[in-house]
1. Consider the stretch 104-145. How many of its residues are exposed (fewer than 11 other Cβ atoms within 10 Å of the Cβ) and assigned to a strand (DSSP E or B)?
2. Could you tell me how many of the residues in the stretch 8-32 are within 21 Å of Ala123 (Cα to Cα), in contact with a Ser or Thr (Cβ under 7 Å, 6 or more places away or on another chain) and either part of a loop (DSSP other than H, G, I, E, B) or among the hydroxyl-bearing types (Ser, Thr, Tyr) (or both)?
3. Which number in (1) over 20 Å from Leu144 (Cβ atoms); (2) modelled with pLDDT of 95 or more; (3) aliphatic (A, V, I, L, M) marks the one condition that Val42 misses?
4. Select from the stretch 56-70 the residues that are over 12 Å from Gly28 (Cα atoms), surrounded by 14 or more Cβ atoms within 10 Å (Cβ to Cβ) and not β-branched (Val, Ile, Thr) and list them in ascending order.
5. Counting just the residues of the stretch 88-103 that are under 20 Å from Arg47 (Cβ atoms) and polar (S, T, N, Q), which one comes out surrounded by the fewest Cβ atoms within 10 Å (Cβ to Cβ)?
6. Quick check on this structure: which one of Gly35, Gly39, Gly97 is free of Cβ contacts under 8 Å to residues at least 60 places away in the same chain and part of a loop (DSSP other than H, G, I, E, B)?
7. Take the residues in the stretch 1-55 that are among the basic types (Lys, Arg) and over 16 Å from Gln100 (Cβ atoms); name whichever of them is least open to solvent (accessible area, probe 1.4 Å).
8. Is there a residue in the stretch 126-135 that is at pLDDT 90 or above and over 18 Å from the mean Cα position of the chain (by Cα)?
Amino acid sequence: MSALRAIRRLGALTGRRLLVTGAAGAVGHFAVQLGRLAGAHVIAAVRDHGSQERLVALGADEVVTGLDQVSAPVHGVIDSVGGPALAQAFDLLAEDGLIQQVGASSGQPTTFVPYQLVGRRRAIEGFWAGDRFGPDLAYLLDLLADGRLAPLDGERAEWGDIDAIARRLRADDGPPPDGGDSSS
């Protein structure tokens, strides 16, 4: 859902360059595919080339391991990394380009140098998922059913097993970051 809504906020992408940071993650997995379906030239940025073959199969035109390997301009960015990569991606944006920041997996703050943002017609938007998920979920399920969208590789189970799977996932992840009760 996040990838779909971020793609939509970027506007018309046909023939334009889309950069997806954190492309090996869940949002990136779908952003690459949805960007390709929207007609974009998709550049997938990842930490290492271990997922290159999978991302190319999903629709990435390029796979890079550093934003210094991306030539400007890009027209849109879906960023799930944050930190220094967000500031670097901003410098790659074309005039009227837009970054949809959907996460910050780096855990690092983003620092812009003085005047980096001044005098540029470019924007960064913090992602907002909104509400009314039904129509978007139906659209994504139709894409999956038609084979135009590949699901994440992962565990498959019956709907009735969801409680057991959720308990196991919580146990595998350990306590929540705030140290609170993981049963809530």
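1. 1
2. 2
3. For Val42, the exception is condition (1).
4. Asp61, Glu62, Leu67, listed by residue number.
5. Checking each candidate, the answer is Gln88.
6. Of the residues listed, the single one that is free of Cβ contacts under 8 Å to residues at least 60 places away in the same chain and part of a loop (DSSP other than H, G, I, E, B) is Gly39.
7. Taking the candidates together, the pick is Arg54.
8. No, every residue in the stretch 126-135 fails to be at pLDDT 90 or above and over 18 Å from the mean Cα position of the chain (by Cα).
The values are calculated or read from the model by the stated rules, or taken from the named source; none is laboratory data. Keep in mind that this is a model prediction, so the values were computed, not measured. For neighbour counting, all protein chains shown are included, and Cβ atoms are generated from backbone atoms with ideal geometry for every residue, glycine included. Keep in mind that these areas ignore ligands, DNA and RNA; they rest on the heavy atoms of the full protein, side chains included. Shrake-Rupley method; radii C 1.70, N 1.55, O 1.52, S 1.80 Å.
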